[in-house]
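Engineer: For reference, the structure I am asking about is given below.
Here, each number is a calculation from the coordinates, and none is a lab measurement. Just so it is clear, the model here is predicted, and its values are computed rather than measured. Cβ coordinates were reconstructed from backbone atoms using ideal geometry, including for glycine residues, and neighbour counts include every protein chain displayed.
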Amino acid sequence: MGNDVSAGPVDERSDYDLVGGGPAVSAVVDSFYELVLADPDLIGYFDGVDMPRLKRHQVQLVSQVLGGPVTYTGRELADAHVGHNIDEAAFGRVVEHLISAMRSAGVPEAVIDRVVQVLAGTKEDVVASGVR
């Protein structure tokens, strides 16, 4: 008998699998955009936007962030957001809506925290900071 202390079985599933895979990610993205498009402070950013295309890219991006078997094929985030003059307040509102959509879908808080960390790393590419 040794002093071997086991932490028990480790769940090695990706966050993508933990949240329910593709159908769950699609549902979260749909809910997210319902919230964003209902927000009077954000709706103007989406005038003339091809929403089905944007949702497809967002599903890819969220899936990739969650460690799923999907690769984001959209433009670089800085290129996609240049000229939209997104300020920090709008970025924060978008993050809040994504958190709300994930919580409503029952996404575990630990997964939400990891997604928020990734989003924080994208802020510089999304928020307007002059000429790119």
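Engineer: List, in order, the whole-Hz ³J(HN,Hα) value for each residue of region 61-77 obtained from phi through the Karplus relation with A = 6.51, B = -1.76, C = 1.60 and θ = phi - 60°; use x for Gly and Pro.
Structural biologist: After applying 6.51 cos²θ - 1.76 cosθ + 1.60, I find 5, 5, 4, 5, 4, 7, x, x, x, 10, 10, 5, 10, x, 5, 4, 4 Hz.
Engineer: So which trypsin sites (Lys or Arg not before Pro) in region 45-114 pass both tests, a DSSP loop state and at most 15 other Cβ atoms within 10 Å of the Cβ? Spell out each step's value before the answer.
Structural biologist: Values: sites: Arg53, Lys55, Arg56, Arg75, Arg93, Arg103, Arg114; in loops: Arg75.
Counting only loop positions with at most 15 other Cβ atoms within 10 Å, the trypsin sites (Lys or Arg not before Pro) in region 45-114 are Arg75.
Engineer: Return a whole-number percent for the relative contact order of the chain, with Cα pairs under 8 Å and 6 or more residues apart as the contact set.
Structural biologist: It comes to 31 percent, rounded to a whole number.
Engineer: Apply the Karplus parameterisation 6.51 cos²θ - 1.76 cosθ + 1.60, with θ equal to phi minus 60°, to every residue of region 121-126 and state each ³J(HN,Hα) to the nearest whole Hz, in sequence, with x for glycine and proline.
Structural biologist: Couplings: x, 9, 3, 4, 7, 9 Hz.
Engineer: In nm, to one decimal, how far is the Arg93 label point from the Glu109 one, both placed 7 Å along Cα→Cβ?
Structural biologist: 2.7
Engineer: Once phi is turned into θ = phi - 60°, what whole-Hz ³J(HN,Hα) does the Karplus curve with 6.51, -1.76 and 1.60 give for every residue of region 96-107, x standing for Gly and Pro?
Structural biologist: Each residue of region 96-107 in turn: 4, 5, 5, 4, 4, 5, 5, 4, 4, 8, x, 5 Hz.
Engineer: If R₀ is 30 angstrom, what is the calculated FRET efficiency for the pair Asp39 and Thr71, using the beta carbon separation as r and rounding to 0.05?
Structural biologist: 0.55
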